[in-house]
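**Student:** Got a structure for you, written out below as structure tokens; questions coming shortly.
The values are calculated or read from the model by the stated rules, or taken from the named source; none is laboratory data. Quantities reported herein were computed from a predicted structural model and do not represent experimental measurements. Quick reminder, even Gly has a Cβ in these numbers, built from the backbone with ideal geometry, and neighbours come from all protein chains shown. Please note that ligands, DNA and RNA were not included when accessible areas were found on the heavy atoms of the full protein model with its side chains. Shrake-Rupley method; radii C 1.70, N 1.55, O 1.52, S 1.80 Å.
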Amino acid sequence: MKIRKNIAISENGFIFNPMTGDSFSVNETGVYILQKLKDGGSEETILQNLMDEYELDTYTAEKDLNDFLSMLKSYQLITNE
Amino acid sequence: MNKRKITVAVTGLNNIDSPGPGIPVIRGLKESESLDVRIVGLSYETLEPGIYMHDLVDKVYQLPLPTAGSAMLKERLKYIVNQEKIDVLIPNFDAELHNFIKIQDELKTELNIATFLPSQAVFDERQKSELEKFGEKYGVKVPESYMINQVLEIRKLEETMDYPMVIKGRYYDAYIASSYEQASTYFYKVVAKWGYPVIVQEFVTGTEVNVTAIGDGKGSCIGAVPMRKLYITDKGKAWSGISLEDDELMDISRRVIENSKWRGGCELEFIKTKNDEYYLLEMNPRFPAWVYLANGCGQNHPEALVKMALGEEVQPFTDYQSGKMFIRYSYDQIVDISEFQQISTMGER
């Protein structure tokens, strides 16, 4: 999973995709995941980070992360490369 | 820096809910860093808001409607240049362009008015009715489209084309029809306003993206900025939009401008499908009403056009800013009846 080229992520959770002109707002957890993705983190590492940071069990963390990633994909914010 | 003083005549002062490009073009010119531009507005109707915008339009003359023909237009322009010198004229309406293109050489030689328009052949090539040939020639995908003159021809098209279909006028207007009943209603609506033929086009699903561009007529694309509409009025006009960063769209647009040797400003309207394919829906032969966004992104297209019209070499813009937005607003001007009377009775103010 990689964030698409040139996607702008601000600290307060505002995301802008200059290719489509779409903009989004995400919460603190969303920014956390996006930042990890931007830093090149793998899905496994991010899952572990989420569990540690938010004290989540594997099932909940995996479900939430997958939901979020599929949403990012549907909005063309990430690619599988 | 000393700015060069010139006078530019501009049409399309109808800054209404379906706006003409005149006022945005003028704003670009007024912001030129090298030209000090006096604006002569050319209007067709007495309630075009631009007529009364004194801070942007210095003088206004009415023009005969395009249906009066190029001879009448030339006569009127002869009168205008007897009042004051016009260095460059920028027509901004699709319907008037034919007349201006026809007399562009005479305007230069007889009235010393420079224009920067395509030749009739290049202009005709991108007519809505010729879109398929245009797409084939310049390697750009276009939706299937047919020209019809009788409503019954829609029935025949149903054999090869599914609903929804797009019913379009030859100059403006497009309606999406989901049934024969709707298609026939729109057919008559379009005929009443724009005459024959009516264009029936395949409906391509996706996101509309538009490009404002300018070509030098010798095969160079001087500038191009892509935009997506963020808010659309009930007339389908952009009330807000944002500049995009899309390399493929820019490549396609440049290819069209360069290969067609387009001369002047234009707007390319595309649909980007889910599979990232681009379909050219239309090439409008003049600047769009949102051309001022290009200025906001770092490319002053109206200024570049005026310079080229004056015979100057203009270097192509190499960059623009994405993520710049335009947001339109409406504004009530208070005008005294005497001014309205002046333009109504004298044809100038």
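**Student:** Starting from 0.36 nm per residue, how many nanometres of slack lie between B:Ser119 and B:Glu106 once their C-alpha separation is accounted for?
**Tutor:** Numbers: separation 13, 0.36 × 13 = 4.68 nm, distance 1.36 nm.
Once the chain is fully extended between B:Ser119 and B:Glu106, it gains 3.3 nm.
**Student:** Run the accessible area of the protein assembly as shown with a 1.4 Å probe and give the carbon-and-sulfur part as a rounded percent. Before the final figure, lay out the partial values.
**Tutor:** Working: 10100 of 21020 Å².
Whole-percent figure for carbon plus sulfur exposure: 48.
**Student:** Another question about this same structure. To the nearest 100 Å², how much accessible surface do chains B and A cover up together, summed over both, with a 1.4 Å probe? The partial results should precede the final answer.
**Tutor:** Details: alone 16450 and 5350 Å², together 21020 Å².
Separately minus together, B and A give about 800 Å² buried.
**Student:** Right, something else. Residues of A:9-21, mean number of Cβ from any other protein chain within 10 Å of their own Cβ, rounded to a whole number?
**Tutor:** Rounded to a whole number, the mean comes out at 4.
**Student:** By average Cβ neighbour count within 10 Å, what is the ranking of B:329-340, B:251-262, B:207-218, B:44-55 from highest down? Before the final figure, lay out the partial values.
**Tutor:** Details: B:329-340: 9.2, B:251-262: 19.6, B:207-218: 22.4, B:44-55: 17.7.
So the peptides B:329-340, B:251-262, B:207-218, B:44-55, ranked by packing, come out B:207-218, B:251-262, B:44-55, B:329-340.
**Student:** Next question. Based on alpha-carbon centroids, what's the gap between the stretch B:214-238 and the stretch B:31-86 in Å, whole number please?
**Tutor:** Taking the Cα centre of each part, the stretch B:214-238 and the stretch B:31-86 sit 24 Å apart.
**Student:** For chain B, what's the relative contact order in percent, using C-alpha pairs closer than 8 Å and at least 6 residues apart? Provide the component values of the computation, followed by the final result.
**Tutor:** Values: 702 pairs, mean separation 61.1, N = 349.
It rounds to 18 percent for chain B.
**Student:** So for the stretch A:2-79, if I pair up every lysine 8 or more residues apart or on another chain, how many of those pairs have alpha-carbons under 13 Å apart?
**Tutor:** Numbers: A:Lys2/A:Lys36; A:Lys2/A:Lys38; A:Lys2/A:Lys73; A:Lys5/A:Lys38.
Number of lysine pairs found: 4.
**Student:** Say the cut-off is 19 Å between C-alpha atoms; which of B:Lys128/B:Lys229; B:Lys137/B:Lys218; B:Lys74/B:Lys102; B:Lys141/B:Lys274; B:Lys133/B:Lys189; B:Lys261/B:Lys324 go over it?
**Tutor:** Pairs exceeding 19 Å: B:Lys128/B:Lys229; B:Lys133/B:Lys189; B:Lys261/B:Lys324.
**Student:** Averaged over peptide B:241-253, how many Cβ atoms belonging to another chain are found within 10 Å of each residue's Cβ? Each step should come with its number before you reach the end.
**Tutor:** Working: counts 1, 6, 2, 5, 7, 4, 2, 1, 1, 0, 0, 0, 0.
Averaged over the peptide's residues, the number is 2.
**Student:** I'd like to check one number: the per residue accessible area of the protein assembly as shown, probe 1.4 Å, reported in Å² as a whole number.
**Tutor:** Working: 21020 Å² over 430 residues.
Dividing the accessible area of the protein assembly as shown by its residue count gives 49 Å².
**Student:** Going by accessible area, probe 1.4 Å, with all protein chains left in place, what is the ranking of B:Tyr292, B:Tyr138, largest first?
**Tutor:** On the way: B:Tyr292 60, B:Tyr138 20 Å².
Accessible-area ranking of B:Tyr292, B:Tyr138, largest first: B:Tyr292, B:Tyr138.
**Student:** Which loop-located trypsin sites (Lys or Arg not before Pro) does the stretch B:32-90 contain, where loop means any DSSP state but H, G, I, E or B and the Cβ has at most 14 other Cβ atoms within 10 Å? Walk me through the numbers on the way to the answer.
**Tutor:** Details: sites: B:Arg38, B:Lys59, B:Lys74, B:Arg76, B:Lys78, B:Lys85; in loops: B:Lys85.
Qualifying residues, ordered by number: B:Lys85.
**Student:** Of all DSSP beta bridges in the protein assembly as shown, what percent run antiparallel (nearest 5)?
**Tutor:** Details: 52 of 68 bridges.
Looking only at bridges with both residues in the protein assembly as shown, the antiparallel portion is about 75 percent.
**Student:** OK, next. How long is the gain from B:Lys218 to B:Ala192 if the chain were fully straight, where each residue apart is worth 0.36 nm and the alpha carbon distance is subtracted?
**Tutor:** Working: separation 26, 0.36 × 26 = 9.36 nm, distance 3.85 nm.
Taking 0.36 nm per residue and subtracting the Cα distance, the gain is 5.5 nm.
**Student:** For B:Glu45 and B:Tyr79, what does the FRET efficiency come to when R0 = 25 Å and r is the distance between their Cβ atoms, rounded to the nearest 0.05? Can you show the working numbers first?
**Tutor:** On the way: r = 19 Å, r/R0 = 0.75.
So the FRET efficiency works out to roughly 0.85.
**Student:** Pick out which of B:Lys128, B:Lys137, B:Lys30 has the largest mean-square fluctuation in a Gaussian network model of chain B, springs linking Cα atoms closer than 10 Å.
**Tutor:** Greatest mean-square fluctuation among the candidates belongs to B:Lys137.
**Student:** Quick query: amide H of B:Lys324 versus all other amide H atoms, modeled in the peptide plane; which residues come in under 5 Å with a sequence gap of 5 or more or a different chain?
**Tutor:** Amide H to amide H, under 5 Å and 5 or more residues apart or across chains, B:Lys324 pairs with B:Ser243.
**Student:** Roughly how far apart, in whole Å, are the Cα centres of the stretch B:245-318 and the stretch B:96-156?
**Tutor:** Centre-to-centre (Cα) distance: 17 Å.
**Student:** Excluding residues fewer than 8 places away in the same chain, name every one of the lysines whose C-alpha is closer than 17 Å to that of B:Lys59.
**Tutor:** B:Lys5, B:Lys30, B:Lys78, B:Lys85
**Student:** Can you tell me which of B:Pro285, B:Pro118, B:Pro66 moves the most in a GNM of chain B? Springs connect C-alpha atoms under 10 Å apart.
**Tutor:** Greatest mean-square fluctuation among the candidates belongs to B:Pro66.
**Student:** Further question: Averaged over peptide B:228-235, how many Cβ atoms belonging to another chain are found within 10 Å of each residue's Cβ?
**Tutor:** Numbers: counts 4, 1, 3, 0, 0, 0, 0, 0.
Per residue, the average neighbour count from other chains is 1.
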